[in-house]
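Laboratory data are not the source of any read-out in this text; all were calculated from the coordinates shown. None of these values were measured; they are calculated from a predicted model. Cβ sites come from the backbone with ideal geometry, for glycine too, and all protein chains shown count toward neighbours.
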């Protein structure tokens, strides 16, 4: 029997922070590289002592999980076997062309292409991303778009995982990439409807979207269009569905503002639709001779739709169109010449509602499964009666439908193919409701094999997120089946902080209500065990990013419930991060978490749940924390510090593992197969933790 691997012991260098009369000591603050901005752009710039520590952690994790390598390989093979390797998207028509992406067998990245409309021949390759990625440890296309006149193709590339992009423009007549690409972009860009200009967003040294520029589509002379004065606001650029306006969206989680540039004169300064007012959120779509405003005005927590005059779209002309209905969250909308399509969510399920332009008569598209995901898929054409949507559920692979909004005829264009085979009847999807401590009914979506016993014997994986109003859709996953087919039950907890039950569901799980996110997750675990879907101590909890913060919190609150915790790129150092104004997301996220630099109540509340700050001498389960060295969202030192402190404090003897991808950022590996290897490691860890494989390591 070989000796068990010895975990790294991180050095302790106490850093004292005094803030609003409060003092905290951070023993592992040294893991934050003072030169972190350069590390984001060039991971090789990491300090030698930090690099050595992260490499030691990776080696320890690899040694501890060595016994699972066969399982990892098998799971990866299963996941890969569920992917049609030479797949292609349903073509999206635009004028004389059909645009699509396709994969070649074995390729990690897609080919972007087009062909004459309605034809299956004469393909023109716009971008071969797999060829461009060759020899690069990380390569990701964060955005790609053809010009409206079909003569140019622009694409934004991230080669570090830092989300700092370079935008290239290709002349489709010559096949040549134009000189002088855009540098230091967020990757967000749009062509003007006349195809003469490229609008793009610049990312500043703190990694924040700060300016909008315009350049000739075939040139490099950038003109400054707009500077955002509030470093807490995000920024995005696009065009309205009608292509009548270039739209600049600004805002944070509480407040927003829209600015428009008439497509008829793209060099004009953007005009404000309605000046930002704290607490007022709205976005704008152009439809016919008016604007449609989606807004929370007048107490419409779950949003309503209003009409506004095109000549004067300010709030004084806003008038109700679709009134507010509590619990019915209006997620978004897309305009067509003769119809308007809006996406609504009620009780964690979506539906699409179609409105006719002339009569304003409505009809809905929905499905009968207990839990499913339904989404609008954007197209290029405005003057069409055809709208495309995608339907899926945990048991049903994705289906792409073209829907004639006038005749209500739906045409199935594609069903996701599972080459290794998939029988939906072999699985069961259920929607359960857990009672939170305050009586709130928390939806839980369950996926399991039809023959899985409900006697508590099945291992249970409970997934959660619960932040920023992001809903965890009950979608189909080729990955989760590798656990479910091994007798596991996969459950997703739709906790407060998401928007599964409306924007009020989000508001009841943010800032001074954040504790609800954590207690909801625990309530879901207890409800599942009471129903025989698992048992305490045999559950693996899984979450990423802000969902990783959820993992850290429930590990501190109820370590007894879990066999293992997987915190993927976990936001666990909340108090330190929200107190560091140099970090990319700190000022924009104060509305979400509170500002502990200026608000003592916010400091105390965050300090009460911040996972890193609340690690204590507790019997923690086995933990796997993962991160990316060039991650600008959750910096690598958060999982590194958390793992070091957990390992020092835990009383259980269960291992604390850390794996940092030294060549990627927030989303992990960029290739479609390399990414699956990371998921296979997570899932193999889950099996290993539930089986207490670590006790034999």
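Details
- Ranking of 255, 395 by neighbouring Cβ atoms within 10 Å, starting from the fewest: 255, 395.
- Relative contact order, percent, the range 327-417 [alpha-carbon distance under 8 Å, six or more residues apart]: 19 percent
- By the count of other C-beta atoms within 10 Å, a proxy for reagent exposure, 519, 626 are ordered fewest to most as 519, 626.
- Inter-site label distance for residue 166 and residue 271 at 7 Å from Cα along Cβ, in nm: 4.0 nm
- Acute angle (nearest 10 degrees) that the helix 515-530 long axis makes with the longest principal axis of the chain, alpha-carbon atoms: 70 degrees
- Two-site label geometry, residue 426 and residue 301: point separation in nm, points 7 Å out along Cα→Cβ: 4.4 nm
- Over all orientations, the range 440-565 has a Cα convex hull whose mean projected area works out to 7.1 square nanometres.
- Nearest-0.05 FRET efficiency for residue 119 and residue 385, computed from C-beta distance (R0 25 Å): 0.65
- Estimated translational D of the range 298-453 in µm²/s (Stokes, Kirkwood radius over Cα pairs; 20 °C; 1.002 mPa s): 119 µm²/s
- Here the relative contact order of the range 263-365, from alpha carbon pairs under 8 Å that lie six or more residues apart, stands at 16 percent.
- Cα centroid separation, the range 42-88 to the range 415-471 (Å): 27 Å
- Overall form of the range 7-68 per C-alpha gyration tensor (a/c, 1.5; a/b vs b/c): oblate
- Between residue 437 and residue 20, the FRET efficiency estimated from the beta carbon spacing at R0 = 25 angstrom works out to 0.25.
- Cα principal axis extents for the range 63-193, largest first, Å: 56, 37, 22
- Overall dimensions of the range 327-417, expressed as equivalent-ellipsoid semi-axes from the Cα gyration tensor (√(5λ), whole Å, largest first), are 21, 17, 10.
- Cα-derived Rg over Rh, computed across the range 189-251 with Rh taken as Kirkwood radius: 0.98
- Translational diffusion of the chain was estimated from the Stokes-Einstein equation, with Rh taken as the Kirkwood radius over Cα pairs; at 4 °C and 1.567 mPa s the coefficient is 49 µm²/s.
- Values of log10 I(q)/I(0) for the range 143-241 across q = 0.11, 0.12, 0.16, 0.24 Å⁻¹ run -0.30, -0.36, -0.63, -1.33, by the Debye formula with one identical scatterer at each alpha carbon and no solvent.
- C-alpha long axis of helix 600-609 to longest principal axis of the chain, angle in °: 60 degrees
- With q set to 0.21 Å⁻¹, the log10 of I(q)/I(0) for the range 482-531, from the Debye formula over equal scatterers at the Cα positions, is -0.74.
- Here residue 673 and residue 223 are evaluated by their C-beta separation; at R0 = 41 Å the FRET efficiency comes out at 0.45.
- The range 1-114: C-alpha pair distances exceeding 20 Å, %: 71 percent
- Pairs of Cα atoms nearer than 8 Å and 6+ residues apart set the relative contact order; for the chain it is 11 percent.
- For the chain, the longest principal axis of the C-alpha atoms and the axis of helix 672-690 are separated by about 30°.
- Taking each residue as 0.36 nm, the span from residue 414 to residue 604 lengthens on full extension beyond its C-alpha to C-alpha distance by 63.2 nm.
- Remark on the range 408-503: ratio of C-alpha radius of gyration to 2.2 N^0.38 Å is 1.25.
- When 167, 679 are arranged by Cβ crowding within 10 Å, least crowded first, meaning fewest neighbours, the order is 679, 167.
- Anisotropy class of the range 545-693 from Cα gyration tensor, a/c 1.5 cut: oblate
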